[in-house]
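Report on the structure given below.
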Amino acid sequence: MKLSLAEGLMLIALDDEEGRLLAAAEHSIDHGLLAIVILELSLIKRVSFDNGKIIIKDTTGTGNKVLDSVLKALGGGGDTVSATIKKLAGGFEHIQDDVIELLVQRGILKVESTKLLWIPVSERMDNANYAFEQEIRDTLKAVVQKGKKPTPAIVILMSMIHNCGILEEVFSDRDELIDAVKSAKDIASTDNIDENTKLVLNDLKTHFSAN
């Protein structure tokens, strides 16, 4: 079972102890999920980037409802990823729920409701199969601590984790975090991704720092 990058980002953005979204991700996760979906669509050749702008290559469904809904919403493309996120965000206010639903369907997350009498008053999300999140964490740590060459998917995931302000969730040790922040800043400029994707990732750094 292979997770989408959006599912990986969502797992890191959840507080495993509290069973809810990390406070640090509250203002960034919706834009983060939209961005990482568009970037993943480029990895699977549904879109490409030209001078920072989205080019639609193939509208064939992927089988992942979140990817497919964003692909459909891109229309004819033509805008930058940053501009597209701003334009689409209002129509994807439930994107967190949609990604969580995928994780529940896979048996990775379990949603539990707390009720007052018969009225649901809160929900918590428990990681029912931690192996998937552990693999993500181990891979990121191998890149930072052991110099492992990252795949394009890991370059994108690490960049977006940093943009969403939740790198500390993976690297809790202060010295590790310092190294991780440096790696996350540098990783988008490496030769592990193509020049057009580098341009998009650098534009997204500006997008998230301004929002």
Discussion item. Considering only residues that are closer than 20 Å to F208 by Cβ and part of a loop (DSSP other than H, G, I, E, B), which ones fall in the stretch 133-188?
Written reply: P150, C164, G165, I166, F171, A188
Fill in: E112 being closer than 19 Å to G32 by Cβ and either touching a Lys or Arg at 6+ places or on another chain (Cβ under 6 Å) or at pLDDT below 95 (or both)
no
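Answer with yes or no whether H94 is of a type outside the set (V, I, T) and surrounded by fewer than 14 Cβ atoms within 10 Å (Cβ to Cβ).
Numbers: of a type outside the set (V, I, T): yes; surrounded by fewer than 14 Cβ atoms within 10 Å (Cβ to Cβ): yes.
Spelling it out, H94 is indeed of a type outside the set (V, I, T) and surrounded by fewer than 14 Cβ atoms within 10 Å (Cβ to Cβ).
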Discussion item. Take the residues in the stretch 16-37 that are out of contact with any helix residue (DSSP H, G or I) (no Cβ under 7 Å at 6 or more places or on another chain) and in contact (Cβ under 8 Å) with a residue 24 or more places away in the chain; name whichever of them is nearest to G75 (Cα to Cα).
Written reply: H27
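One line per residue, one yes/no per condition, for (1) within 21 Å of N196 (Cα to Cα); (2) out of contact with any strand residue (DSSP E or B) (no Cβ under 9 Å at 6 or more places or on another chain); (3) in a loop (DSSP other than H, G, I, E, B):
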{"site": "K2", "(1), (2), (3)": "no, yes, yes"}
{"site": "A6", "(1), (2), (3)": "yes, yes, no"}
{"site": "L11", "(1), (2), (3)": "no, no, no"}
{"site": "E17", "(1), (2), (3)": "no, yes, yes"}
{"site": "A24", "(1), (2), (3)": "no, yes, no"}
{"site": "L34", "(1), (2), (3)": "yes, yes, no"}
{"site": "I38", "(1), (2), (3)": "yes, no, no"}
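Going by what's in this entry, would L204 be described as farther than 14 Å from R137 by Cα and touching a helix residue (DSSP H, G or I) at 6+ places or on another chain (Cβ under 7 Å)?
yes
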Worksheet, complete the sentence: Log entry, pairs with first residue in the stretch 38-58 being over 13 Å from P152 (Cβ atoms), second being in a strand (DSSP E or B) and among the small types (G, A, S), beta carbons closer than 7 Å, six or more apart or on different chains, reads I55/S48; K57/S48
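The values are calculated or read from the model by the stated rules, or taken from the named source; none is laboratory data. Note that the coordinates shown come from a computational prediction; the quantities given were computed from them, not determined experimentally. Cβ atoms come from the backbone with ideal geometry, glycine included; neighbour counts cover every protein chain shown.
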